[in-house]
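Contents: one structure, followed by commentary.
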Amino acid sequence: MGADVEAFNPVFDVTPADLIDAIVTEKGIVERPDTARMAQLMSRKHLH
């Protein structure tokens with residue numbers, strides 16, 4: 001890219017949290033994801 005070209009290339013998703021209704025993973029679906037719901041999904045109980 002030339003020095004006069006501007007680019008925005010984040011290495012993570014920049015979608016505002018209030019626009020996310022659910023997160024779908026191989027371990028299940030988390031509706032209205034928040035810290036507690038994500039922690040529950042990622043607990044040892046769900047990982048095995």
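Descriptive notes on the structure:
- Calculated [222 nm] ellipticity per residue, helices only, for the chain: -5000 deg cm²/dmol; basis is -39500 (n - 2.57) per DSSP H run with n ≥ 4, divided by all residues, nearest 500.
- Note on MET38 and GLU26: their simple-model spin labels are 1.9 nm apart, each label 7 Å out from Cα toward Cβ.
- Dipole magnitude of the chain about its Cα centre (Cβ charges: Lys, Arg +1; Asp, Glu -1), debye to nearest 20: 540
- For the chain, trypsin sites (Lys or Arg not before Pro) meeting the loop criterion (DSSP other than H, G, I, E, B) and having at most 12 other Cβ atoms within 10 Å: LYS27.
- When the GluC sites (Glu not before Pro) in the stretch 1-34 are filtered for DSSP coil states and for at most 14 other beta-carbon atoms within 10 Å of their beta-carbon, the remaining sites are GLU6, GLU26.
No lab work stands behind these numbers, since they all come straight from the coordinates. The shown structure was predicted, so the numbers you read here are calculated from the model rather than taken from an experiment. Every residue, glycine as well, gets a Cβ built from its backbone with ideal geometry; the counts of neighbours run over all protein chains shown.
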